[in-house]
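Engineer: Just dropping this structure here.
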């Protein structure tokens, strides 16, 4: 069976140095960008979800589902392909962790697609690699469902992301201690096949730089320039600076997107930052229900809140600083790198302001008065326990009559408002409505523009958890329902309106709905 009409391209393997050791055991790997490794064979692979539109882009033959399940779980390795795990390091929670690498991800192959260029197919949960440390390299169904749904939800929201091609069961059990509390349980094993042009991370450059391996560092950066940033030009100090600037600019834009839709990554370590500025590695992520800049979905981060919602732009800049340190040996001039880093905060602030103006339906941003309006909104939303997603959709159709404002917005609050909070909302809404008077748009055009940037449907944590609990019983109906609805997140979809409801009270502190561990 021929699975792909596209040509298989092994340029990562061909152009970068390999680990000479081919046996699969945990070890320190030096002077190599990757190690070859075979996926772990499983007992009874089965395909439970397939992204057919992405499959078509990849020119994948999906006729034989049984054979497809074998391919997408690593039980079948195609001729002329060599699976491999990538070698990289990273800062974890602000501390240098040294070598990390693909501990449970295995790259299957690279394709030259007809419209989208080179794409790499990677299996997450396909078994141990030389970088698995003390882990088994496997994944469970609950975490795999979360990755499959969220990566596609983000794509359709217009947020740069890796894609999810498939979700498969392995037929094996995997033991996990979900909250690291000494209560391990056997769970269903699963594998997601994710797709990107590249899975290179900030940490891919950090590791050789930390070891003084400038030869490997230069090979990796030159490879990235050639294949992912060809417009920048041939390798030189100037092109390395231009590469860093583009990564910084695109990372800035990614952070604005995250803040726009209410996404919290949960573990923004430098090994989880893509050089393509895509959202990557969906672990303990979460979606903002009640607006809270200090909220983090990650149990590991519950005390420090390093990666909380409001800190994400600052952490992105910190991570870029680490990337600048890594590539400095190729440039040997700190000032232009520092200039790019210094400009990050300025660019983010301006783009955030424009994003907020778009969310509020303001035709033109007023940099003198609008920032105060935006900050006041965030304060009152946080203080009054306001559902972020529902609020912005309701705001688009806010009545002109002041006595109807609070009844119109009632559904976005998680608890009754005090008289003081009602007064604060009236004050803010009065200023906002007066500000709207400067628009030249019609009311319908304003609504349409606001609904274009403010989603109706996001992957709320409690919805994902419900889909997981049903799937663990063999019922995939909600998994497929969510997948279908999240493909049109800005549309009303009245037949699916219950999926736009705010978080129910039972989910406030429920495991999987409020906080998640890194194994989630």
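Engineer: On a C-alpha basis, how far is the centre of the stretch 416-436 from the centre of the stretch 3-31 in Å? Whole number, if you could?
Structural biologist: A separation of 59 Å, based on Cα centres.
Engineer: Quick check on the stretch 7-199: what are the equivalent-ellipsoid semi-axes from the Cα gyration tensor, as sqrt(5λ), descending, whole Å? It would help to have the intermediate numbers written out before the result.
Structural biologist: Working: eigenvalues 113, 96, 60 Å².
Result for the stretch 7-199: semi-axes of 24, 22, 17 Å.
Engineer: Identify the residues of the stretch 276-294 with backbone N under 12 Å of a label point that sits 7 angstrom from the Cα of residue 420 along the Cα-to-Cβ direction, or state none.
Structural biologist: So the set is empty, nothing qualifies.
Engineer: Now for a different question. Taking all pairs of different Cα atoms in the stretch 362-453, averaging 1/r and flipping that mean, what Kirkwood radius in angstroms comes out? Before the final figure, lay out the partial values.
Structural biologist: On the way: mean 1/r = 0.0724 Å⁻¹.
Hydrodynamic radius (Kirkwood, Cα only) of the stretch 362-453 equals 13.8 Å.
Engineer: Could you line up 241, 459 from fewest to most neighbouring Cβ atoms inside 10 Å?
Structural biologist: If I rank by nearby Cβ atoms, fewest first, I get 241, 459.
Engineer: Would you work out the relative contact order for the stretch 335-437, in percent, from Cα pairs under 8 angstrom that are 6 or more residues apart? Write out the running numbers ahead of the final one.
Structural biologist: On the way: 58 pairs, mean separation 26.9, N = 103.
Normalised by residue count, the contact order of the stretch 335-437 is 26 percent.
Engineer: A further question on this structure: In degrees between 0 and 90, to the nearest 10, how far off the longest principal axis of the chain does helix 443-453 point, with axes built from Cα atoms?
Structural biologist: Compared with the principal axis, the helix lies near 30 degrees.
Engineer: Here is a follow-up. Mind ordering 423-432, 366-375 by average Cβ neighbours within 10 Å, highest first? Write out the running numbers ahead of the final one.
Structural biologist: On the way: 423-432: 15.4, 366-375: 13.1.
Highest to lowest by the protection proxy: 423-432, 366-375.
Engineer: Can you list, largest first and rounded to whole Å, the semi-axes you get for the chain by taking the square root of 5 times each eigenvalue of its Cα gyration tensor?
Structural biologist: Rounded to whole Å, the semi-axes are 39, 28, 21.
Engineer: Applying a 10 Å radius around every beta-carbon, put 407-418, 306-317 in order of their mean neighbour count, most first.
Structural biologist: Descending mean neighbour count gives 306-317, 407-418.
Engineer: At what distance in angstrom do the alpha carbon centres of the stretch 60-121 and the stretch 199-248 lie from each other?
Structural biologist: Spelled out, the Cα-based centre of one part sits 21 Å from the other.
Engineer: Per the Kirkwood formula on distinct C-alpha pairs, the Rh of the stretch 199-273 is how many angstrom?
Structural biologist: Radius from the Kirkwood sum: 13.7 Å.
Engineer: Still on this structure: Nearest 10 degrees, 0 to 90: what angle lies between the long axis of helix 370-383 and the longest principal axis of the chain (Cα atoms)?
Structural biologist: Taking Cα atoms only, the helix is inclined about 90 degrees.
Engineer: Using 5 Å bins from zero, what percent of all Cα-Cα pairs in the stretch 267-310 falls into each bin?
Structural biologist: With a bin width of 5 Å, the distribution comes to 5, 23, 27, 25, 15, 5, 0.
Engineer: For q values of 0.13 Å⁻¹, compute log₁₀ I(q)/I(0) with the Debye formula on a Cα-only model of the stretch 1-108, without solvent.
Structural biologist: The calculated log intensity ratios at q = 0.13 Å⁻¹ are -0.62.
Engineer: OK, next. With bins 10 Å wide starting at 0, give me the P(r) of the stretch 96-191 over every alpha carbon pair, in whole percents.
Structural biologist: Answer for the stretch 96-191: a P(r) of 14, 37, 36, 11, 1 percent.
Engineer: Provide the packing ranking of 51-63, 148-160, 120-132, 379-391, i.e. peptides ordered by the mean count of other C-beta atoms within 10 Å per residue, highest first.
Structural biologist: 120-132, 148-160, 379-391, 51-63
Engineer: Based on the alpha-carbon set only, what is the convex hull volume of the stretch 212-369 divided per residue, in Å³?
Structural biologist: 143 Å³
Engineer: The stretch 487-517 to the stretch 364-408: how many Å between their Cα centroids?
Structural biologist: The stretch 487-517 and the stretch 364-408 have Cα centres spaced 21 Å from each other.
Engineer: Using only Cα atoms, find the angle between the long axis of helix 312-331 and the longest principal axis of the chain, and express it within 0 to 90 degrees, rounded to the nearest 10.
Structural biologist: 40 degrees
Engineer: Need one number: convex hull volume per residue for the stretch 396-441, Cα atoms only, in Å³. Show your work: numbers first, answer last.
Structural biologist: Working: hull volume 3.4 nm³, N = 46.
Here the figure is 74 Å³ per residue.
Engineer: While we're looking at this one, here's another question. In whole percent, what relative contact order does the chain give with Cα contacts below 8 Å and a gap of six or more residues?
Structural biologist: Across the chain, relative contact order equals 14 percent.
Engineer: Here is a follow-up. Apply the Debye scattering formula to the stretch 43-96, with a single equal point scatterer on each alpha-carbon and no solvent, then give log10 I(q)/I(0) at q = 0.14, 0.23, 0.30 Å⁻¹.
Structural biologist: Here log10 of I(q) over I(0) equals -0.57, -0.95, -1.28.
Engineer: Out of all Cα-Cα pairs in the stretch 87-246, roughly what percent, to the nearest whole number, are more than 24 Å apart?
Structural biologist: On the way: 5846 of 12720 pairs.
Summing the P(r) of the stretch 87-246 above 24 Å gives 46 percent of all pairs.
Values quoted throughout were computed directly from the atomic coordinates according to the rules given, and no laboratory measurement underlies them. Since the model is a prediction, treat every value here as computed from it, not as a measurement. Note that we place each Cβ from the backbone using ideal geometry, even for glycine, and neighbour counts take in every protein chain shown.
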